Each structure stands twice: as structure tokens, then as C-alpha cells.
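A.B. asks: The structure that follows is given in the form of C-alpha cells.
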Amino acid sequence: MSDGDAWRGNIKARLYERVREHGYESITAFANERPTASLVALAEELGREDVAGVQVLSALLHEAEQRRQVTRFVRDVLVRMLSQTLPDGWPAVLDDANRFKVAKALGRWTGYTPETHQEQVARVGDALLSNPPAAGWRPLGPDDALLRTLLPDDEA
């Protein structure tokens, strides 16, 4: 991005215009086709000069709230954080370097999680650290079986 262009004009209209140009009706549908892409990568695909990752995140959350799928959104963000930080999957050994990578992914995930799901996210993080998944585990989307077990859908 350059010179704050992402914050000029009607951000929401620009996002939806770009998504429609890519052949999708929603930010969620666009993102679902790229389940391990970072928020920044999604933003750059929509407009390198005038779309920011945080705008994509906000739009995804808004759509999830409208669809009553916030828990799925939370899992989706975790997948993106893990893919970005642990591209080869869960480490076989949690030495200091790998523990830092895991903590970075979980910390960023927590920061992007709505207040309504903070307690669940804390429990999931604790569970992943106390009972680590198999070495190489790499969720490829928010419907990963382990993630759905740790953070099941609960919206009405």
C-alpha cells in the first residue's frame, strides 16, 4: 500500500467491488477459496495499493456475524496464522525457537479474535500446547477435524 490509499473513499464499497471483479459475492467466498492465505495476501490480491489486511479481517468478521458463523471465522483466522507462521506444520519438538513460532501464531490469533470468543481461544491455545497435535499437522481450512473438536460451532 502506498500513502494510505486503503483508507480513502468508501472502503466497504471498494472491497465488495473488488470481490465481485474476482467473481465472488462475498469476502467470505473469496477467502474460502484461499484458506491458508494470509490476510495481507488476500488484501494484496484485491488491491495492492488500496486494500489492507485489517479491512479484509473486518469484512470477514462482519459477514460471519451476519451469518452467525463467528466460531468458524475464529477457526479460519487460526488456520491463516498457523499457515503463515508454521508453513511446514506443527513442529515435532517444541524447543525455544518452535515454541516462539507457536506463541506468535497463537498470540496474533488471540489479537484478531472478537471479545465474545476470547475464553474459547485461550482454552484452545492451552490445549494445543499441553496436548500438541501430531508433528506436521497443518490445518488446511476452518473445517479441520481437530479444530472443530477444539472449537466447535455453537452459534444459534
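A.B. asks: Report the Rg/Rh value for region 14-97, based on alpha-carbon coordinates and the Kirkwood definition of Rh.
C.D. replies: Looking at region 14-97, the ratio lands at 1.04.
A.B. asks: Expected output is a single nm value to one decimal: the length gained when fully extending between Arg20 and Asp95, i.e. 0.36 nm times separation in residues minus the C-alpha distance. What is it?
C.D. replies: Fully extending the segment from Arg20 to Asp95 adds 22.5 nm.
A.B. asks: With each run of n ≥ 4 DSSP H residues scored as -39500 (n - 2.57), what mean residue ellipticity at 222 nm is computed for the chain after dividing by its residue count and rounding to the nearest 500 deg cm²/dmol?
C.D. replies: So the calculated ellipticity at 222 nm is -18500 deg cm²/dmol.
A.B. asks: Additional query: Quick check for you: with a 1.4 Å probe and neighbouring chains kept, what is the accessible area per residue of region 3-114, in Å²?
C.D. replies: So region 3-114 comes to 49 Å² accessible per residue, rounded to a whole number.
A.B. asks: Right, another one. Select from Pro139, Asn98, Ala59 the residue farthest towards the positive end of the dipole of the chain; place +1 on Cβ of Lys and Arg, -1 on Cβ of Asp and Glu, and compute about the Cα centre.
C.D. replies: Highest projection toward the positive end goes to Asn98.
A.B. asks: What is the Cα coordinate range of region 87-153 on the first, second and third principal axes, sorted by size from largest, in whole angstrom?
C.D. replies: 32, 22, 20 Å, listed from the longest principal axis down.
A.B. asks: If one takes the longest principal axis of the Cα atoms in the chain, at what angle in degrees, from 0 to 90 and to the nearest 10, does the Cα axis of helix 96-112 lie?
C.D. replies: Computed tilt is about 40 degrees.
A.B. asks: Note down the magnitude of the dipole of the chain about its Cα centre, charges +1 on Lys and Arg C-beta and -1 on Asp and Glu C-beta and zero elsewhere, to the nearest 20 debye.
C.D. replies: Dipole size: approximately 140 debye.
A.B. asks: I would also like to ask the following. Can you tell me the mean projection area, over all orientations, of the convex hull of the chain's alpha carbons? Units nm², please.
C.D. replies: Here the figure is 9.6 nm², rounded to one decimal.
A.B. asks: Can you tell me the length gained on complete extension of the stretch Arg8 to Trp137, counting 0.36 nm per residue apart and subtracting the Cα distance?
C.D. replies: Length gained, Arg8 through Trp137: 42.4 nm.
A.B. asks: If I compute solvent accessible area with a 1.4 Å probe over the protein chains, what percent of it on region 1-153 is carbon and sulfur?
C.D. replies: Taking all protein chains in place, region 1-153 shows 50 percent carbon and sulfur surface.
The values are calculated or read from the model by the stated rules, or taken from the named source; none is laboratory data. Just so you know, these numbers come straight off a predicted model, no measurement behind them. Counting neighbours? That spans all protein chains shown, and the Cβs are built from the backbone with ideal geometry, glycine included. In case anyone asks, the SASA skips ligands and DNA or RNA and just uses the protein heavy atoms, side chains included. Shrake-Rupley method; radii C 1.70, N 1.55, O 1.52, S 1.80 Å.
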